[in-house]
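Undergrad: Sharing a structure here in structure tokens format.
The values are calculated or read from the model by the stated rules, or taken from the named source; none is laboratory data. Note that this is a predicted model, so its numbers are computed, not measured. No Cβ is skipped: glycine too gets one built from the backbone with ideal geometry, and neighbour counts run over all protein chains shown. These area figures cover heavy atoms from the full protein model, side chains too; ligands, DNA and RNA do not enter into them. Shrake-Rupley method; radii C 1.70, N 1.55, O 1.52, S 1.80 Å.
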Amino acid sequence: MISFIIYITIFLYLIYMIWITEPLFSKKKYNLSTKKQSRISIIISAKNESNNIKALFKGLKQQTYPTDKYDIIIANDKSSDDTLEQLMTLKKHMTNLEVINIINTPQNWSSKKWALNQCINKAQGDIIIQTDADCLHKKTWIESIEKYFYNENVGFVAGPSYIGFKNNFVNELLKLESISQESFSYANSKRQLFLSCTARNIAYRKKVFNEVGGYDDISHINSGDDDLMLHKIATQTKWEIKYISDSNAIVKSDIPKTIKSLYLQRLRYASKGLLYYNLSTPNEVKIILPFLYFVNLMCGISIIQFISTQMIFWLIPLIIKSIAEIMLISKYMSKIKINFKLLYFLVLMVVHPFYIIIFGGLAPFLKVQWK
């Protein structure tokens, strides 16, 4: 009976993956009309980012976008290191930099959302571009994001990003894992299914943020300044949402430094599972995420059965699932001009189902330690 359930589940998953991947092979290009450059406000929340500030601002100062057309608003969120001191030094040499020092966070507000909210209140730009303080940006980043707002109907843009930029096994593995998640969100968006995005690289019109009431209803949730905002815009407005695969807009960040920090990061990512059912969340999220969890559960059982019996019958579902995922991930990576490396995928295809089973099953019920 269990084998029948596994094969039916994987068959449905295969059909679903083919359906969302098919648009990625279309040769149709997104037409961008020319327009006067918009006023941009970049917002960042920084907490104990002393080791990352110099690299962050090296990229932000080298942007090809005109300096007088964008400002950077960064909130020092109660840092205990010298983050604030570094920011104040930078401010002396950057006319388009504004620093906000957060001393206290009000009740019913998460620390990061309060810091970002103060940045947005100060923002003069029509378009808000949000990123994280531990990120690195190409010099064409702002220019490549802003052009997608030439379409007056676009209210939200999600750009490509990943973690892991060093040339070693762990970095390459986590890099592929994060790009895999990005590719899945990107492909779903082509079917008007808006599942997730990452705060490393998102942008929205300030009037759209205000239209949905900003962080109202989600201000107390520690995470979700990215995907929960996306969901509000998707369910409460008629603005178009655009996921892009422009290699010039890529944002990357380093992997967590320790196993503990990696563990806590992954708990944070998975901690919102049950919250989706009580918030302004698209119906597709409430259906697809449990389905994906079940798919990985079936694959986990299949792997264990294969190890126990050495029968190829139990390995076939994992192979089918992996072929479907290679088709999607490799195509997306070709779009953002990053090489797909099969070795790291072979490791992930075995490890990832158990990662989803454990973290997806436990995180919503645990008290997650935040930064």
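Undergrad: Using a 10 angstrom cutoff on alpha carbons, build the Gaussian network for the chain and name the most mobile of 111, 245, 308.
TA: It is 308.
Undergrad: Now, a different point. Show me 139-149, 326-336 ranked by packing, highest mean number of other Cβ atoms within 10 Å first.
TA: Working: 139-149: 21.8, 326-336: 18.3.
Put in order of decreasing packing, that is 139-149, 326-336.
Undergrad: Ok, one more. Hydropathy first: keep DSSP H helices in the chain averaging at least 1.6 on Kyte-Doolittle, then drop any whose Cα extent along the axis falls short of 18 Å, and list what survives.
TA: Details: long enough: 2-21 (28 Å, 2.21); 169-189 (30 Å, -0.13); 283-309 (39 Å, 1.34); 316-335 (29 Å, 0.99); 342-362 (29 Å, 2.25).
Helices meeting the span and hydropathy rule in the chain are 2-21, 342-362.
Undergrad: Rolling a 1.4 angstrom probe over the protein heavy atoms, how many square angstrom per residue are accessible across the chain?
TA: Numbers: 17610 Å² over 371 residues.
Solvent-accessible surface per residue comes out at 47 Å².
Undergrad: In addition: With only Lys, Arg, Asp and Glu charged, each at its Cβ (+1 for the first two, -1 for the last two), find how big the charge dipole of the chain is about the Cα centre; round to the nearest 20 debye.
TA: Details: 45 positive and 29 negative charges, 129 e Å.
The calculation lands at about 620 debye.
Undergrad: Then there's this: If you roll a 1.4 Å probe over the stretch 51-159 with all protein chains in place, what percent of the accessible area is carbon or sulfur?
TA: Working: 2210 of 4880 Å².
Here it works out to 45 percent.
Undergrad: Carbon and sulfur together cover what percent of the accessible area of the stretch 250-358 at a 1.4 Å probe radius?
TA: Exposed carbon and sulfur together represent 71 percent of the surface.
Undergrad: Is there a pair in 47/331; 112/175; 69/331 whose C-alpha atoms are over 30 Å apart, and which pairs would that be? Don't skip to the answer; put the middle values down first.
TA: On the way: 47/331 36 Å; 112/175 24 Å; 69/331 35 Å.
In this structure, 47/331; 69/331 exceed 30 Å between Cα atoms.
Undergrad: Further, regarding this structure: At 1.4 Å probe size, with the rest of the protein present, what percent of the exposed accessible area of the stretch 178-240 is carbon and sulfur atoms? Display every interim value, and only then the final one.
TA: On the way: 870 of 2120 Å².
It is 41 percent, rounded to a whole number.
Undergrad: So, one more: Please work out the Cα center distance from the stretch 206-258 to the stretch 259-278, rounded to the nearest Å.
TA: First find each Cα centre; the distance between them is then 17 Å.
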